[in-house]
Each structure stands twice: as C-alpha cells, then as structure tokens.
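One structure is given here, and the rest of the page talks about it.
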C-alpha cells in the first residue's frame, strides 16, 4: 500500500511539475503576446503620428506657396531686342514689365550691372506705357554677363530679387547638333554625316552664322572640312559629310570654326557629342 502511495505521489509530483511548466510556458506566451500587441499598438500609433506629421508638412508647404504667390507683385517680364540700335559690340534691349498691382504714383526703377564688376549698378527710371505696364532700355556688351533687379517706390518700397539676364539675348546664337547618320560594317565606317544648326531664334542678323568649317583631328594631325549649307524650312543647317578615305583613322577631336555675319569668328568643341553619337551608332 505504501509503495502504491509512493508511486502515486511521484506521479502527482511529476504531473504537478508538468502543469507548472505548462502554466509558466502559457504565461510566457501570454506576456509575449501582450508585448506584441503593445508593439503593434505603438506601431499603429507611430504610423498615425507620422501621417499627421506628413499632413502638417504638406499644409506648411501649401502655406509657404500661398505666401510666395501673394508676394509676387510682378506679373510678367520680357526682354526684347532693339536691332536698329544694336551692333556686335553694343547690344540694346528693352525690358517690358507688367505688374499685378502697383500704386498709381509708384516709381519703377531698373538696376543692372556686369557681374564681374560686383558693384556699380546702372539705375534707370522705367517708362510707364500703360496701366501697370512699364518699359526700360538696357545697353549690354557681349563680353560681359549681367544681373538686374526691379524696384517699385511708393508709400512702400518693393524690391525684386536679383536675377541674371540670359546671355542668349546679347551673345551669338550657338550652333547645336541637329542630326547625324552613317553606314558601317564590321566596325568600319563607309560614311558618316553630322549636321549643325542655330535652333534657337537668332535675335540679331549680325549673329547669324555665315560659314562653318570643321577641324577633324586624328591624333596630332587634323583635316579641315568645309560644311555644306542647306535651307531646312525655317532655318539653315550646316552638314559635315565624311567618306571612307576620311575615316581611316580614329577621330580624337572635332572643332568647329564658326564665322558670323558680322565677320567675327568663334571656335566650338563638339568632340564629346560627335564621338558619343558615333559610338551609339555602332551598338
């Protein structure tokens, strides 16, 4: 009988131990589950906070944009060439300005200067030509780069930020590549052609391209080619055409010699653009 009780007590102890272990494991699982739920809750809370923060940022950007729009007191600006008064050495422009709103007796000033000088503004009073419409003349040198600023003086003073005058208004209109083509086999060229044109409007007739030559370098040596001028609808195009005997060596540089209608000469390096086009055609 005592042996049976002992065996029973041992079984009870074993079962009690197993139950205790099971309870501990279940409690641990419950605690872990609670932590995970808390983490998920915190995660969801953080996500909501992040969304609120993002909405606040977007709202702030909208407010900043509204303030910027309200502060824009200039409706439009346009530089116009005065070809009759201009020469290759001295470019005359007119700046037309339209204001959103302006005091009736406000005085509008145009300030401009060569950037290299860093000081010494030329100050001009703009002429009123209509309701909130003003115009002012500028005289520029192609050798310089310029910046300008508009000021309106009334019961309050409004000052525009300093802006650059685009060089396209007072320098020759550059040539750009307008097309290319060719034929080849086994990495050997049979013919290669590349065309150039003044794609942007030419503001002054003396800045129109008159003649173009190309120096094509093969290492230290070069050959000069005269480009063929062709009328392509509303613009002219200058074409460089090379045949097999012109393409025996590896081209290392392409330099254009550009002569303008006023007789001035400029050189432009098109090596990177031409070599990239040739490489793309071989792929």
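The values are calculated or read from the model by the stated rules, or taken from the named source; none is laboratory data. This one's a predicted model, so the numbers in the text were calculated from it and none came from an experiment. Cβ placement follows ideal geometry from the backbone for every residue including glycine, while neighbour counts extend to all protein chains displayed.
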* Flag for residue 167 being out of contact with any helix residue (DSSP H, G or I) (no Cβ under 6 Å at 6 or more places or on another chain), free of Cβ contacts under 8 Å to residues at least 40 places away in the same chain and closer than 30 Å to residue 118 by Cβ -> yes
* Report yes if residue 160 is closer than 26 Å to residue 83 by Cβ, touching a residue at least 24 places away in the same chain (Cβ under 8 Å), assigned by TED's automatic domain parsing to the domain that holds residue 114 and under 26 Å from the mean Cα position of the chain (by Cα), otherwise no. => no
* To do: Would you tally the residues in the range 222-266 being in a strand (DSSP E or B) and more than 14 Å from residue 172 (Cβ to Cβ)?
  => 21
* Structure fact -> Taking the range 225-247 and the residues there that are free of Cβ contacts under 8 Å to residues at least 24 places away in the same chain and under 17 Å from residue 191 (Cα atoms), the one that is surrounded by the most Cβ atoms within 10 Å (Cβ to Cβ) would be 225
